[in-house]
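Asks: Pasting a structure below so you can have a look.
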Amino acid sequence: MTIETLKPGQRVRVRQTIDRRAGDWQTVVEGVVQAVEVGKTGSWYAHAKDDKFWLRRIRMVKDDGEVSVLNVDSLTEVEVLKAGPGAAGNEKA
C-alpha cells in the first residue's frame, strides 16, 4: 500500500520504524484517515520548492478521538483495515 492510494475515511494501521544501531524502535497507530497531505516544514532546504523541506503526512483520528499527524518516510508501512467498532460509516477495505 502506498500513501498516494489512501483516501479519507479509510481505517488504517500505520507501523513506523526508527532505524537505530542498537536496535530498531517501532510504533503502531490505528485509526481513520482524515487527510493525506504534503506540507512544508520550517526547515530550510536548498533547491527545494520555496527553499523548504517538505514532508508527506497522514492525519488520522484514533478510536479514542485523538487526532494524530504522522510523518511518512521510507520505513513507514501502511495497511488498510476493514472498518471496525468506533469506525461506523467508514469505507471498508
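Asks: When segment 54-83 is examined, which residues are found to be among the hydrophobic types (A, V, I, L, M, F, W, C), exposed (fewer than 15 other Cβ atoms within 10 Å of the Cβ) and part of a loop (DSSP other than H, G, I, E, B)?
Replies: Hit for segment 54-83 is Leu75, nothing else.
Asks: I've got another one for you. Might you check whether a residue that is loosely packed, with under 11 Cβ neighbours inside 10 Å, of a type in the set (A, V, I, L, M) and at pLDDT below 90 occurs anywhere in segment 36-53?
Replies: yes
The values are calculated or read from the model by the stated rules, or taken from the named source; none is laboratory data. Values in this document were obtained by computation on a predicted structure and should not be read as measured data. A quick note on method: Cβ atoms are made from the backbone with ideal geometry, for glycine too, and the neighbour counts reach across all protein chains shown.
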